[in-house]
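Q: What follows is a single structure, and I will ask about it in a moment.
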Amino acid sequence: MKWLDQFFEITKNGSSFTQEARAGLTTFLAMAYIIQVHPAILSETGMPFSSLVTSTVLVCFFSSLAMALYAKNPLVMAPGLGINSFFTFTMVLQMGIPVEKALGATFWAGVIFSILSIFKVREKIVMSVPNHLKKSLAGGIGLLIAYIGFLEGSFITLSSGRLQQAPWNLNNIIFIVSLLIVSILIIRKIKGAFLISILITTLICYVGSIFTGAELIQYKGIFALPDFSLIGKLDLLGSLHLSVLPSIFALAFVDLFESLGTYMALLNRFDLTEPVPQASNSAHSTQPRRLKESLICDALGTTFAGIVGSSSATAYLESGAGLQEGGRTGLTALITALLFLPFMFLSPLLSMIPPVATASILVIVGALMLDSMMDISWRKLDEAIPSFLVLFLIPFTISITNGLIWGFLSHTCIQIFMGRKISIALYVISGCCVLSLILNHFILV
């Protein structure tokens with residue numbers, strides 16, 4: 001296994017094969033729900049559910065494999081949940097864009113990503129983000145992860161447009177127990193804390209189902225044959241029609257900031273950084289590790305998604321669960337990618353892992369990401385106000401993009417009115433933010 005150690009630099013990163021394997025399995029269990037949830041959303045467009053399951057697994061496998069072998073980062077990719085909702089409900093159902101053209105738009109968005117990544121435009125965007133916005137971004141994403149966890153655990157609910165605590169039931173009682181279990185394991189620094197918690201919670205749900213008759217664990221069989229009918233169904237030329245171009249831009253912009261936000265927040269939070277090249281004029285001393293390679297993988301994942309019949313791929317926040325478990329190299333992503341592949345045939349088995357089993361883990365990961373808030377100078381209002389907007393808007397609008405847009409715009413405006421010099425890159429980014437808001441208004445209204 002020496003060559004594997006040398007390729008992924010496992011020992012150099014202070015990790016081990018066991019640690020990487022545990023992190024990969026934890027990441028997979030934390031995000032395995034996507035194999036069922038993503039097809040359920042996209043099937044609203046009329047695409048067959050069975051073929052969407054196949055497409056989802058292929059996107060998760062190939063994009064994560066690219067991240068593992070090329071970027072060598074412990075981040076996992078899958079179809080983005082926010083983007084798939086835009087694809088389904090806005091592009092196809094509201095705007096009436098045919099599915100084939102919508103898939104073509106996804107492909108061209110990936111091509112745009114690739115060009116921006118190869119010429120390091122996206123890297124320059126990352127390096128132009130002020131440190132206080134990076135810190136608040138990590139905190140905002142942490143709150144968003146925790147919010148998702150509380151929803152998955154049925155602890156909070158949306159009722160009449162209002163967020164409130166859900167009525168007590170067996171599901172959220174088990175969530176509280178699971179949260180207590182994983183908290184104790186983490187505090188006592190037990191190796192494999194997340195995996196142990198998932199197994200214990202699943203066992204509790206199984207026993208609870210037997211004694212109460214509640215459907216806490218669902219069994220839908222074992223085997224399901226893959227359906228490849230969506231592969232190659234995209235309309236490349238038709239998607240370049242003038243009426244589709246705003247959607248291509250919207251997909252590109254949303255995916256750009258979703259991915260950048262995830263990379264900056266997770267890689268910086270877990271100290272997976274590298275020195276900025278000496279030739280750079282950036283004031284930052286470090287940047288996320290192998291950023292260019294990671295962004296290229298992200299771009300290729302989106303391009304591949306359009307080909308196989310899915311909406312855009314992006315780096316997943318649930319990668320934080322594996323990072324917290326000790327994943328530090330591409331071997332974590334490789335193991336997760338390989339775990340996805342068998343579920344082209346075994347997807348019904350995933351229904352046996354209840355959402356509540358991973359919900360508590362998301363809450364803990366979100367809480368641990370808030371330590372970056374201590375590095376923000378909250379008494380300096382020119383830093384505090386943009387940071388607060390990012391921190392507040394990401395979880396409350398359930399959008400990393402919204403938080404970054406208003407964080408960038410507020411920071412730029414404050415610096416201009418205070419007579420301070422800002423970089424050309426920041427002007428360009430702010431202009432793109434304004435253009436995105438305008439286009440989104442005309443697309444969504």
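The values are calculated or read from the model by the stated rules, or taken from the named source; none is laboratory data. Quantities reported herein were computed from a predicted structural model and do not represent experimental measurements. Cβ atoms come from the backbone with ideal geometry, glycine included; neighbour counts cover every protein chain shown. For the accessible areas, the whole protein counts, side chains as well, though only heavy atoms, and no ligand, DNA or RNA atoms are used. Shrake-Rupley method; radii C 1.70, N 1.55, O 1.52, S 1.80 Å.
Q: Name the lysines eligible as straight-distance cross-link partners of residue 2: C-alpha to C-alpha under 16 Å, and not fewer than 8 places from it in the same chain.
A: Partners found: 12.
Q: Would you list 256, 437 from the most to the least accessible area, probe 1.4 Å? Before the final figure, lay out each step's value.
A: Numbers: 256 15, 437 55 Å².
Reading off the accessible areas and sorting them downward yields 437, 256.
Q: Right, here's the next one. In µm²/s, what is D for the range 169-279 at 25 °C and 0.890 mPa s, where D = kT/(6 pi eta Rh) by Stokes-Einstein and Rh is the Kirkwood radius from Cα pairs? Let's see the in-between values first.
A: Details: Rh = 19.9 Å.
Using the Kirkwood radius from Cα pairs, D works out to 123 µm²/s.
Q: What percent does the relative contact order of the range 201-320 come to when contacts are Cα pairs within less than 8 Å and at least six residues apart?
A: Details: 80 pairs, mean separation 30.6, N = 120.
Over the range 201-320, the number comes to 26 percent.
Q: Could you run the Karplus curve 6.51 cos²θ - 1.76 cosθ + 1.60 with θ = phi - 60° over the range 210-222 and give me ³J(HN,Hα) per residue in whole Hz, x for Gly and Pro?
A: After applying 6.51 cos²θ - 1.76 cosθ + 1.60, I find 5, 7, 10, x, 6, 8, 7, 10, 9, 10, 10, x, 10 Hz.
Q: Enumerate by residue number the chymotrypsin sites (Phe, Trp or Tyr not before Pro) in the range 82-187 meeting two conditions: DSSP loop (anything except H, G, I, E, B), and at most 12 other Cβ atoms within 10 Å of the site's Cβ. All intermediate terms of the calculation are to be shown ahead of the outcome.
A: Working: sites: 86, 87, 89, 107, 108, 113, 119, 147, 150, 155, 168, 175; in loops: 119, 155, 168.
Within the range 82-187, the qualifying chymotrypsin sites (Phe, Trp or Tyr not before Pro) (loop, at most 12 other Cβ atoms within 10 Å) are 119, 168.
Q: What 222 nm value per residue comes from the helices of the chain, counting each DSSP H run with n ≥ 4 as -39,500 (n - 2.57) and dividing by all residues, nearest 500 deg cm²/dmol?
A: Working: 19 runs with 275 residues, N = 445.
The per-residue figure over the chain is -20000 deg cm²/dmol.
Q: Based on the Kirkwood radius over alpha-carbon pairs, what is the Stokes-Einstein translational diffusion coefficient of the range 192-241 at 25 °C with 0.890 mPa s viscosity, in µm²/s? Mind dumping the intermediate values first?
A: Details: Rh = 15.2 Å.
Answer from the Stokes-Einstein relation: 161 µm²/s.
Q: Also, I was wondering about something else. Starting from the eigenvalues of the Cα gyration tensor, five times each then square-rooted, give me the equivalent ellipsoid semi-axes of the range 225-332, largest first, whole Å.
A: Values: eigenvalues 194, 78, 25 Å².
Its equivalent ellipsoid spans semi-axes of 31, 20, 11 Å.
Q: Another question, if that's okay. Share of Cα-Cα pairs in the range 328-445 beyond 18 Å, in percent? Could you put the intermediate results ahead of the total?
A: Working: 4853 of 6903 pairs.
In whole percent, the share of Cα-Cα pairs in the range 328-445 beyond 18 Å is 70.
Q: For the range 351-399, what class follows from the C-alpha gyration tensor (a ≥ b ≥ c being the square roots of its eigenvalues): rounded when a/c is under 1.5, otherwise prolate if a/b is larger than b/c, else oblate? Show your work: numbers first, answer last.
A: On the way: a/c = 6.72, a/b = 2.35, b/c = 2.86.
Since a/c reaches 1.5 but b/c is at least a/b, the shape of the range 351-399 is classed as oblate.
Q: List the residues, sorted by chain then number, that are 5 or more residues from residue 273 or on another chain and whose placed amide H is less than 5 Å from its amide H.
A: Hits under the 5 Å cutoff: 289.
Q: Answer rounded, prolate or oblate for the range 85-151, using the Cα gyration tensor with square roots of eigenvalues a ≥ b ≥ c: rounded when a/c is under 1.5, else prolate when a/b is larger than b/c, else oblate.
A: Details: a/c = 3.59, a/b = 1.27, b/c = 2.83.
It comes out oblate by the Cα gyration axes.
Q: Per residue of the range 53-68, in order, report the coupling 6.51 cos²θ - 1.76 cosθ + 1.60 (Karplus, θ = phi - 60°) as ³J(HN,Hα) in whole Hz, putting x for Gly and Pro.
A: Running phi through 6.51 cos²θ - 1.76 cosθ + 1.60 with θ = phi - 60° gives 4, 4, 4, 4, 4, 5, 5, 4, 5, 5, 5, 5, 5, 4, 4, 5 Hz.
Q: In addition: Looking at 179, 386, 93, which one has the Cα that reaches farthest to the positive end of the dipole of the chain (charges on Cβ: Lys, Arg +1; Asp, Glu -1)?
A: 386
Q: In addition: Given the options 369, 95, 264, which has the most mean-square fluctuation in a GNM of the chain, springs set between C-alpha atoms less than 10 angstrom apart?
A: 95
Q: Another question, if that's okay. Throw me the Rg/Rh for the chain, computed over C-alpha atoms with Kirkwood Rh, two decimals.
A: Numbers: Rg = 21.3 Å, Rh = 22.3 Å.
Taking Rg over the Kirkwood Rh, I get 0.95.
Q: Ok, one more. Past the 24 Å Cα-Cα mark, which pairs from 134/380; 135/421; 134/421; 101/124? Please list the in-between numbers first.
A: Numbers: 134/380 16 Å; 135/421 22 Å; 134/421 20 Å; 101/124 31 Å.
Cα-Cα > 24 Å for 101/124; rest within.
Q: How about residue 191: which aspartates and glutamates have a C-alpha closer than 17 Å to its C-alpha, ignoring those fewer than 8 places off in the same chain?
A: 20, 325
Q: Evaluate the charge dipole of the range 59-153 about its Cα centre and quote only its size in Debye, nearest 20, assuming +1 on the Cβ of each Lys and Arg and -1 on the Cβ of each Asp and Glu. Don't jump to the answer; show the numbers that get you there.
A: Values: 7 positive and 3 negative charges, 82 e Å.
I would put it at about 400 debye.
Q: I've got another one for you. Kindly identify the range 1-133 as rounded, prolate or oblate by the Cα gyration tensor criterion: order the square roots of the eigenvalues as a ≥ b ≥ c, call it rounded if a/c is under 1.5, otherwise compare a/b with b/c, prolate if a/b is larger, else oblate. List each step's numbers first, then the result.
A: On the way: a/c = 2.36, a/b = 1.48, b/c = 1.60.
Oblate.
Q: For the range 35-51, just list the computed ³J(HN,Hα) in residue order, Karplus coefficients 6.51, -1.76 and 1.60, θ = phi - 60°, integers in Hz, with x standing in for Gly and Pro.
A: 5, 9, 6, 4, x, 4, 6, 5, 5, 5, 7, x, 5, x, 4, 4, 6
Q: Here is a further query. Once you treat every alpha carbon in the range 47-123 as an equal point and sum by Debye, what is log10 I(q)/I(0) at q = 0.13, 0.15, 0.26 Å⁻¹?
A: Reported log10 I(q)/I(0), two decimals: -0.50, -0.67, -1.32.
Q: Turning to a different aspect of this structure: Report the far tail of the P(r) of the range 65-194, meaning the percent of Cα-Cα pairs longer than 27 Å.
A: On the way: 4070 of 8385 pairs.
Tail of P(r) above 27 Å: 49 percent of Cα pairs.
Q: Bin width 10 Å, alpha-carbon pairs only: give the P(r) of the range 11-87 as whole percents, running from 0 to the bin holding the largest distance.
A: 17, 44, 26, 10, 3
Q: Something else about it: Out of residues 5 or more away from residue 286 or on other chains, whose amide H comes under 5 Å of its own, with H placed 1.01 Å from N in the peptide plane?
A: Residues meeting the criterion, in which the H sits 1.01 Å from N, are 276.
Q: Continuing with the same structure: Just 208, 110, 309 to compare: in a GNM of the chain, with alpha carbon springs under 10 Å, which one fluctuates most?
A: In this elastic network of the chain, the residue with the biggest mean-square fluctuation among 208, 110, 309 is 208.
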